[in-house]
């Protein structure tokens with residue numbers, strides 16, 4: 001899975017770069033940011049379901065990280081720390097753009113450029129299958145819609161755990177809650193997602209496969 | 001209903017955050033508890049359903065710090081399409097310059113003129129300034145002097161014409177005054193005549209009006225006197241009727257009185273006998 005590859009790659013290098021970035025090494029910080037911007041962008045994108053909002057949050061997150069990284073005393077907590085900043089930026093943007101509906105993502109599906117970029121995938125055998133790609137895109141849109149129907153505190157943890165792969169310890173650190181609470185919220189978040197999927201009669205082949 | 005502990009265990013198991021021992025124990029528990037196993041399968045099924053590939057459509061950030069410590073990122077500039085047109089424009093200009101090089105295009109800005117030629121040398125511009133000779137200059141001066149003389153003579157002619165016209169206007173002024181006096185006299189006479197006519201008309205109207213009013217008043221008085229006469233006669237008839245009624249009543253009263261007296265007298269006589 002691509003996310004895991006990036007995650008491993010980011011983790012491997014983050015530990016080396018953080019001490020230098022804390023000391024004020026701009027190059028180290030720049031490399032650190034290049035390792036993390038996609039993760040933060042995808043986290044923000046799943047939170048809002050909107051490209052522009054996700055870009056805004058990603059940018060403001062790294063500006064805040066740049067300002068505050070010298071105060072980070074424990075480099076090992078960087079992961080939960082950066083997600084906490086990103087989540088706070090999401091809350092800020094959410095407050096600012098409250099009137100803007102997250103549903104706008106589904107209206108933006110008409111954007112040809114965006115659509116073409118999203119459809120620009122190939123199958124494993126190298127052949128492009130537009131029907132399959134469109135079907136997957138529709139499925140993802142529906143999942144995003146379901147994601148935004150569940151309570152916000154559960155949604156954040158589902159995103160952090162399911163899509164960002166944070167440890168329960170890191171989620172607890174980011175949200176300032178206990179690990180037990182994080183697990184409980186995730187449990188109810190998955191249950192809520194199941195209800196939303198069933199409400200829309202969404203079933204996926206191989207759904208019960210492991 | 002699952003306990004909180006089971007929820008936590010399921011989450012740890014699903015997301016592989018269990019130690020090997022804990023995992024073995026939990027799998028034993030699952031084998032003995034089909035309900036728990038079923039719920040775990042459902043949760044795993046939900047996980048499979050909600051898997052989404054990352055939307056990695058963002059360009060890498062270009063991070064920089066300004067001299068005053070300010071921070072900016074060029075990604076937004078590129079992403080928002082501010083830089084893209086500039087890059088496109090620069091590429092277009094480069095392409096034009098490259099084509100110009102291969103087609104022997106010559107561009108010159110000599111003497112303040114922009115000249116572009118394709119494969120040929122730049123020819124002298126026909127619109128460049130041309131210097132006149134002394135003879136041409138003298139001819140022009142002569143032409144100007146002739147024009148000035150002609151203009152002066154025409155101006156004098158116009159002045160004479162204006163003077164003549166002005167003098168004739170002064171002469172005409174006396175006749176205009178006489179004419180105005182006559183017109184004023186005629187107007188005065190006309191106004192007096194009009195006033196007299198109006199006066200006569202009003203006198204006739206008033207006389208006619210007085211006669212009509214007199215006749216009307218006389219008619220009204222006659223009608224009023226006739227009305228009074230009729231009222232008086234009506235009143236007289238009413239009075240006569242009332243008197244007659246009174247007289248009749250008096251006679252009836254007398255008859256009744258006589259009858260009563262006769263009755264009384266008859267009773268007295270009867271008692272005496």
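All of the numbers you see were taken from the coordinates with simple rules; none came from a lab. Remember, it's a predicted structure, so these values are computed and weren't measured experimentally. Ideal geometry is used to build each Cβ from the backbone, glycine not excepted, and the neighbour counts take in all protein chains shown.
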Just want the ordering: A:57, B:158, A:82, from fewest to most Cβ atoms lying within 10 Å of their own Cβ.
B:158, A:82, A:57
When region B:190-273 is reduced to its Cα atoms, the Kirkwood hydrodynamic radius in Å:
20.1
Out of every Cα pair in region B:147-198, what percent are spaced more than 17 Å from each other?
63
Which value, in Å to one decimal place, does the Kirkwood hydrodynamic radius take for region A:148-202 when every pair of different Cα atoms is included?
11.3
Considering only C-alpha atoms, what is the centroid distance from region B:11-43 to region B:156-181, in Å?
128
